[in-house]
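The values are calculated or read from the model by the stated rules, or taken from the named source; none is laboratory data. Only a predicted model underlies this, so the values are computations on that prediction, with no experimental measurement involved. Reconstructed Cβ throughout: ideal geometry from the backbone, glycine too, with neighbour counts over all protein chains shown. Side chains included, ligands, DNA and RNA excluded: accessible areas come from the protein's heavy atoms. Shrake-Rupley method; radii C 1.70, N 1.55, O 1.52, S 1.80 Å.
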Amino acid sequence: MHPIAESKKNHLWSKIVWHTDPDESPLGPFHHAEVYCCEESNGYAIWYVRRLAKDDQRGMSGVDSGDYLLDFFPQTARDEAIERAVLVANSGTSADEIIMALDKLAAASKKV
């Protein structure tokens with residue numbers, strides 16, 4: 001069992017929507033798309049981490065790789081924050097559909 005990275009200790013829920021197949025590119029760069037809900041000092045944040053290759057055709061054109069704050073909830077809305085993260089991370093039947101939906105949300109959110 002691997003220890004939890006310090007940066008992920010405040011994560012309440014996370015899902016890797018898509019990642020590079022290590023069998024197809026064992027020595028290549030690791031690309032992925034992830035959604036997570038974490039506790040912040042004044043509430044709960046839902047983040048979309050988009051780390052796709054520049055030539056990757058997934059998602060919406062014009063949305064760059066980066067960290068996007070999709071939503072924020074007050075300290076009294078922990079369950080609602082987790083529920084929202086689960087729903088956006090499962091908003092399609094395939095990884096490509098989910099990434100497209102996340103990119104649409106990202107286009108209207110804050111990139112950090």
Within segment 41-59, the residues that are more than 15 Å from the chain's Cα centre (by Cα) and either under 19 Å from Ala101 (Cα atoms) or loosely packed, with under 14 Cβ neighbours inside 10 Å (or both) are Ser41, Asn42, Ala53, Lys54, Asp55, Asp56, Gln57
Of the residues in segment 70-88 that are touching a residue at least 40 places away in the same chain (Cβ under 8 Å) and open to solvent by less than 20 Å² (accessible area, probe 1.4 Å), the one that is nearest to Arg58 (Cα to Cα) is Val88
Going through segment 12-40 in order, the residues found to be within 29 Å of Phe73 (Cβ to Cβ) and open to solvent by less than 40 Å² (accessible area, probe 1.4 Å) are Val17, His32, Ala33, Glu34, Val35, Tyr36, Cys37, Cys38
Taking segment 36-89 and keeping residues touching a strand residue (DSSP E or B) at 6+ places or on another chain (Cβ under 8 Å), in a loop (DSSP other than H, G, I, E, B) and not β-branched (Val, Ile, Thr) leaves Leu52, Arg58, Gly59, Asp64, Ser65, Pro74, Gln75, Ala77
Just checking, does segment 94-106 include any residue being touching a His at 6+ places or on another chain (Cβ under 6 Å) and either open to solvent by 30 Å² or more (accessible area, probe 1.4 Å) or of a type in the set (Asp, Glu) (or both)?
no
Exactly one of Ser91, Ser65 is open to solvent by 30 Å² or more (accessible area, probe 1.4 Å) and out of contact with any Lys or Arg (no Cβ under 8 Å at 6 or more places or on another chain), and that one is Ser91
